[in-house]
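*Asks:* Pasting in a structure now, in C-alpha cells, and then I'll have a few things to ask.
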Amino acid sequence: MVGLPARGKSLIAQKIVRYLKWLSINAKSFNVGSYRRADTPQPTAEFFSMGNTQGERLRRAAAEAAVSDMLKWFGEGGGHVGVLDATNSTKARRAWIKQQCESKGYECLFVESRCDDEDLVLSNVLSVKTSSPDYVGQDPEDAVRDFMERIRNYEKVYQSIDNDEELTYVKLINVGSQVTINAVANYLQTRIIYFTMNLHITPRSIWLSRHGESEFNVQGKIGGDANLSERGYAYARALPELVAKSVGSNKVTCWTSTMKRTIQTAAHLEYPKKEWKALDELDAGVCDGLTYEEIEQRYPEDFRARDDDKYNYRYHGGESYRDVVIRLEPIIMEMERGENIMVVTHQAVLRCIYAYFMNVPQDQSPWMEIPLHTMIKLTPRAYGTQEERFRAEIPAVSTFRAKYASSQMGATTTVDEAAFVPAPALQTVHESALLPEGYKANGLAESIAANGSAVMGE
Ligand code: SIN
C-alpha cells in the first residue's frame, strides 16, 4: 500500500485480503504500525517528523520486520498475496521494498490511495481517535490534533508514485473516482486491481433473504425447481412490509435467481428486478430431488464425505460450495460496485455471500444456520459489516442439518420455532471487523443498543 495516513489504506488492505481469502487465495496483511507499536505504542506526531533520527530508525526497523515476516510467510509456502499495509511514502522506500521482494522472486503491485476530498480525510481522522490503539485512553480532541500533525509531517516527505520508478501500480484517487494503472504483469494483479476499482464508500445496505418455504422444503427434498408452499406464499406477501421497515424511502434493486421459488418470493416487491443464473442454488447433481435420508441410503459414502469436507465436496454431476463461490464472484463485484440491493436466493448461495461480507472461514460457512422466513440486512461500514436479522411471523420448516447428524433429522421433522416470534422483537445485530490487529470497531453495537434495538451477539 502507498498513501498518507487517513487515506483508507488499512481498510483497502483488509478488503483485498478478505476478497482473496474468500476466493481461496491465501492472503495476509502485514501492518507496519502494529510492528512499530511493539517498541513505541503511543508516539506523538514528533516521532514521525523528518528530523527525528530515533523515530526514523524505529520506523525503518518496523518496516524491515514486517517485510521480513512477509517474505518468510511466502517462503514457508502457502502464502500467495502479502499486503504490506504502511504509508511507503517515498520513492526510496518503495525501491527498497521492490528490491527485497524481487530478490526472492516475488512480484510487487503498489496500490496508492490518494485523497484530496477534505471531508473524506476528516471522517477518517475522526475515526482514528476511537479506533486506533495509538490513541487509546487519550483525550479525543488531543488525539485528533496530534494525528493531523502526524499527517502534516508525512506530507513534507510524501512522493506520489511516479512513472520514473518503473513500478506496477494502481493509483486510486478519491476512492475510485479516478484510477490510473501501470504495467500490470499478471492475472492476479488484474483481479486485485479490478476489485479495488469497484470499491466505493457511498453508504448503502444489502438485504438477503432465502426464498419462502417451498413444496420441496416441506417434503424434505433438496434441489429441484418447486413452487412455494402455502406458508412460502404467505412469506412472499409479508416480505414488502418487512423490507419496507428497514429500507424506508431508499432506492433498491431486487435480484433473484432464475428459479421459481425465488421469483415467487420477490413477486410482491415493487422494486426493479433482475434474475441472475449465478444466484441459482448449488446444483446437487444426481442427488437433486432426493431427501437426505434417500441420499444416505443410495450414496452412503458420499453422504459421509460431504460432512467430512462440505466446502469442497462436489455432488456427482453437480457442484461444491467452492464451485458456487467461483460463479458468485461477478455477483460480489456487482455488490461492491452497487448501491442498495435486495437479494432473494437459496441457502447455499446465501451462505457464500454472507461468508464474504462477514469474513466467515470456509470450514464454517457451509454449516451456518440461515433460517427460512428471515431477512438479513448487511451494512458495510468503514471497519466491518453490521448485521441485523428480521424474522417474519410465518412458521416454516427448518432445513438445517448439523454436521454428522442423522439424515432422519431432515427438514420435515422440525418447524422453525424462531419464526413464530414477532419480527421487531427478534431484530439481532452484530458486526464483523475489518481492522488491523489492535484496532477496535467504533462502538456501533453500543450505539444501536442506546437507540433501543435488541442486541444479541451470536
Ligand atoms: C506507523 O508507524 O504507524 C506506520 C508507519 C508507516 O507506515 O509509515
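FYI, it's all coordinate maths here, none of it is from the lab. Small disclaimer: the values here were computed from a predicted structure and weren't measured. Cβ placement follows ideal geometry from the backbone for every residue including glycine, while neighbour counts extend to all protein chains displayed.
*Asks:* Report the Cα-based extents of region 206-427 along its three principal axes, largest first, to the nearest Å.
*Replies:* 51, 34, 28 Å, listed from the longest principal axis down.
*Asks:* Turning to a different aspect of this structure: With both bridge residues required to lie in region 206-427, what share of the DSSP beta bridges run antiparallel, to the nearest 5%?
*Replies:* If we restrict to bridges inside region 206-427, about 55 percent are antiparallel.
*Asks:* Kindly rank 258-267, 147-156 from highest to lowest mean number of other beta carbons found within 10 Å of each residue. Mind dumping the intermediate values first?
*Replies:* On the way: 258-267: 21.5, 147-156: 16.5.
Top to bottom by mean Cβ count within 10 Å: 258-267, 147-156.
*Asks:* Relative to the Cα centre, what is the charge dipole magnitude of the chain, using +1 at the beta carbon of each Lys and Arg, -1 at the beta carbon of each Asp and Glu, and rounding to the nearest 20 debye?
*Replies:* Working: 53 positive and 61 negative charges, 116 e Å.
Roughly 560 debye for the chain.
*Asks:* While we're looking at this one, here's another question. Over the chain, what number does the Rg to Rh ratio reach, with both radii from the alpha-carbon atoms and Rh per Kirkwood?
*Replies:* Computed over Cα atoms, the ratio is 1.01.
*Asks:* Taking 32 Å as the cut-off for C-alpha to C-alpha distance, list the pairs among Lys9/Lys274; Lys72/Lys277; Lys245/Lys403; Lys9/Lys260; Lys129/Lys156; Lys21/Lys277 that go past it.
*Replies:* Lys9/Lys274; Lys72/Lys277; Lys245/Lys403; Lys9/Lys260
*Asks:* A further question follows. Can you compute 3J(HN,Hα) from phi for each residue in region 298-308, using the Karplus curve 6.51 cos²θ - 1.76 cosθ + 1.60 with θ = phi - 60°, rounded to whole Hz and x for Gly and Pro?
*Replies:* For region 298-308, the Karplus-derived couplings read 7, 10, x, 5, 5, 4, 6, 4, 5, 5, 4 Hz, x marking Gly and Pro.
*Asks:* So, one more: Over region 1-60, with a single point scatterer placed on each C-alpha, what log10 of the ratio I(q)/I(0) does the Debye formula yield at q = 0.23 1/Å?
*Replies:* Here the Debye-derived log intensity ratios amount to -0.98.
*Asks:* Under 20 Å between alpha carbons, and skipping anything fewer than 8 positions from Lys91 in its own chain: which aspartates and glutamates qualify?
*Replies:* Cα-Cα hits under 20 Å: Glu56, Glu64, Glu102, Glu107, Glu112, Glu155, Asp162, Asp164, Glu165, Glu166.
*Asks:* Here's something else I'd like to know. What's the ranking of 159-166, 3-10 by average number of surrounding C-beta atoms within 10 Å, highest first?
*Replies:* Working: 159-166: 12.5, 3-10: 23.1.
Those peptides, ordered most packed to least, come out 3-10, 159-166.
*Asks:* Between Ser214 and residues 5 or more places away or on another chain, which pairs have amide H atoms under 5 Å apart, with H built 1.01 Å from N, and which residues are they?
*Replies:* The list, which skips near neighbours in sequence, is Ser229.
*Asks:* Which one of Ala226, Ile394, Phe303 has its Cα pushed farthest toward the positive end of the charge dipole of region 206-427, where Lys and Arg give +1 and Asp and Glu give -1 at the Cβ?
*Replies:* Ile394
*Asks:* If you don't mind, another one. Which is farthest toward the positive dipole end of the chain among His268, Gly248, Ser68, measuring Cα position about the Cα centre, with Cβ charges +1 (Lys, Arg) and -1 (Asp, Glu)?
*Replies:* In the chain, that residue is Ser68.
*Asks:* I need the GluC sites (Glu not before Pro) found in region 72-141, filtered to DSSP loop residues with at most 11 other beta carbons within 10 Å of theirs.
*Replies:* Hits after loop and neighbour filter: Glu76.
*Asks:* State the antiparallel share, in %, of DSSP beta bridges confined to the chain, rounding to the nearest 5.
*Replies:* The antiparallel proportion sits near 55 percent.
*Asks:* Now a separate question. Divide, for region 207-256, the radius of gyration over alpha carbons by 2.2 N^0.38 Å, where N is the residue count. Mind dumping the intermediate values first?
*Replies:* Values: Rg = 12.9 Å, N = 50, 2.2 N^0.38 = 9.7 Å.
Rounded to two decimals, the normalised Rg is 1.32.
*Asks:* Given that compact globular proteins tend to follow 2.2 N^0.38 Å, what is the ratio of the alpha-carbon Rg of region 124-202 to that value?
*Replies:* Details: Rg = 16.8 Å, N = 79, 2.2 N^0.38 = 11.6 Å.
Normalised Cα radius of gyration, region 124-202: 1.45.
*Asks:* Using a simple spin-label model with points 7 Å from Cα along the Cα→Cβ vector, what separation in nm is obtained for Ala405 and Ser103?
*Replies:* Result for the modelled spin labels: 5.6 nm.
*Asks:* Determine the calculated [θ] at 222 nm for the chain from helices alone, applying -39500 (n - 2.57) to every DSSP H run no shorter than 4 residues and normalising by the residue count; nearest 500 deg cm²/dmol.
*Replies:* Rounded to the nearest 500, it is -12500 deg cm²/dmol.
*Asks:* Suppose every K and R has +1 on its Cβ and every D and E has -1 on its Cβ; what is the size of the dipole of region 139-259 about the Cα centre, in Debye to the nearest 20?
*Replies:* 560
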